[in-house]
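**Q** Mind having a look at this structure? Questions to follow.
The values are calculated or read from the model by the stated rules, or taken from the named source; none is laboratory data. What you see is a predicted model, and the numbers here were worked out from it, not measured in a lab. Please note: Cβ atoms are built from the backbone with ideal geometry, for glycine as well, and neighbour counts cover all protein chains shown.
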Amino acid sequence: MQKLEIGQIVNTFGIKGFVKVKPFTDDITRFEKLKNVYIKDKQYQVQEVKYHKNMVLLKFLEVNSIEEAENLRNSYIQIDRKDGIKKENEYYIVDLLGLEVYDENDNLLGILEDIFNTGSNDIYVVKNKLGKQTLLPAISDVIKEINLEQKKIVVHLLKGLE
């Protein structure tokens with residue numbers, strides 16, 4: 001079963017085995033719904049969830065000391081894809097990467113190579129065959145259609161984005 005990365009353990013927190021997680025989601029309260037996660041292909045049971053400065057603090061049943069927590073540092077936390085929560089018009093990054101990006105006149109602009117977040121919105125990094133990158137804000141004025149079946153994104157290039 002395919003897994004989704006939902007965060008990265010960036011540090012330990014306290015001496016009882018908590019880990020500090022940089023979340024890969026806009027709604028960090030989603031961590032409260034987790035029962036089990038995977039780290040380095042091993043399953044862990046979520047015992048407690050807290051928050052600290054836009055970070056998630058997790059306590060796993062199997063981790064009971066700072067030393068055990070330290071062994072998880074820099075690891076990614078994954079969940080089964082079926083346990084992911086999506087709202088309408090939300091997509092998993094893994095599903096978007098590699099899609100062809102076209103303008104409204106059906107001209108191929110390139111392939112969606114990367115997505116990063118600026119805080120206010122995501123930025124889509126589109127790379128053409130010559131290696132030129134175009135940065136597109138993921139806003140409704142620009143992203144007009146995402147079709148996963150056709151592996152295609154249609155965009156409107158605002159003045160200055162060409």
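**Q** Starting from residues that are of a type in the set (Val, Ile, Thr) and more than 11 Å from residue 75 (Cα to Cα), keep the ones in the stretch 16-64 and report whichever is surrounded by the most Cβ atoms within 10 Å (Cβ to Cβ).
**A** Of all residues in the stretch 16-64, those of a type in the set (Val, Ile, Thr) come to 19, 21, 25, 28-29, 37, 39, 46, 49, 56, 63.
If we keep only those that are more than 11 Å from residue 75 (Cα to Cα) as well, we get 25, 28-29, 37, 46, 49, 56, 63.
Values: 25: 15, 28: 17, 29: 11, 37: 23, 46: 17, 49: 18, 56: 25, 63: 23.
Only one residue tops the list, namely 56.
**Q** Could you pull out every one of the strands (runs of 3 or more DSSP E) wholly within the stretch 1-118 that has 1 or more residues that are not assigned by TED's automatic domain parsing to the domain that holds residue 138?
**A** Fully inside the stretch 1-118 and qualifying: 3-13, 18-23, 36-39, 42-52, 55-60, 76-80.
**Q** Return a yes/no flag: does the stretch 122-136 have any residue that is among the small types (Gly, Ala, Ser), in a loop (DSSP other than H, G, I, E, B) and touching a Lys or Arg at 6+ places or on another chain (Cβ under 9 Å). Can you show your working first?
**A** We begin by selecting, within the stretch 122-136, every residue among the small types (Gly, Ala, Ser); these are 131.
In the following step, the residues that additionally are in a loop (DSSP other than H, G, I, E, B) were identified as 131.
Still in the running and touching a Lys or Arg at 6+ places or on another chain (Cβ under 9 Å): none.
No - not one qualifying residue is present in the stretch 122-136.
**Q** Any residue at all in the stretch 91-105 that's loosely packed, with under 11 Cβ neighbours inside 10 Å and over 16 Å from the mean Cα position of the chain (by Cα)?
**A** Filtering the stretch 91-105 down to residues loosely packed, with under 11 Cβ neighbours inside 10 Å leaves 98, 105.
If we keep only those that are over 16 Å from the mean Cα position of the chain (by Cα) too, we end up with 105.
Yes, that holds for at least one residue.
**Q** Could you tell me how many of the residues in the stretch 106-116 are at pLDDT below 90 and in contact with a Phe, Trp or Tyr (Cβ under 7 Å, 6 or more places away or on another chain)?
**A** Matching residues across the stretch 106-116 total 1.
**Q** Is it true that residue 13 is of a type outside the set (S, T, N, Q) and either in contact with a helix residue (DSSP H, G or I) (Cβ under 7 Å, 6 or more places away or on another chain) or surrounded by fewer than 13 Cβ atoms within 10 Å (Cβ to Cβ) (or both)?
**A** Working: of a type outside the set (S, T, N, Q): yes; either in contact with a helix residue (DSSP H, G or I) (Cβ under 7 Å, 6 or more places away or on another chain) or surrounded by fewer than 13 Cβ atoms within 10 Å (Cβ to Cβ) (or both): no.
Answer is no for this residue.
**Q** If you don't mind, there's one more thing I want to ask. When residues of the stretch 4-27 are filtered for being closer than 19 Å to residue 80 by Cβ and under 12 Å from the mean Cα position of the chain (by Cα), how many remain? Reasoning before the result, please.
**A** Start the filter on the stretch 4-27 by keeping residues that are closer than 19 Å to residue 80 by Cβ, which leaves 4-9, 21, 23-25, 27.
From what is left, the residues that are under 12 Å from the mean Cα position of the chain (by Cα) are 4-8, 23-25, 27.
The total comes to 9.
**Q** Moving to a separate point now. Looking at the stretch 138-162, which of the residues that are in a loop (DSSP other than H, G, I, E, B) and closer than 12 Å to residue 96 by Cβ is modelled with the lowest pLDDT? If you could, list the steps in order and put the result at the bottom.
**A** If we filter the stretch 138-162 for residues that are in a loop (DSSP other than H, G, I, E, B), which is where we start, we get 138-142, 148-151, 156-162.
Now restrict to residues that are closer than 12 Å to residue 96 by Cβ: 138, 148, 151.
Working: 138: 89, 148: 84, 151: 91.
My answer is 148.
**Q** Please enumerate the residues belonging to the stretch 1-10 that are under 11 Å from residue 72 (Cβ atoms) and crowded, with 17+ Cβ neighbours inside 10 Å.
**A** Taking the stretch 1-10 first, the residues under 11 Å from residue 72 (Cβ atoms) are 8-10.
Of everything in the stretch 1-10, just one residue is under 11 Å from residue 72 (Cβ atoms) and crowded, with 17+ Cβ neighbours inside 10 Å, namely 9.
**Q** What is the residue count in the stretch 117-137 for residues that are in contact with an Asp or Glu (Cβ under 7 Å, 6 or more places away or on another chain) and at pLDDT below 90?
**A** Residues flagged as in contact with an Asp or Glu (Cβ under 7 Å, 6 or more places away or on another chain) and at pLDDT below 90 within the stretch 117-137 amount to 0.
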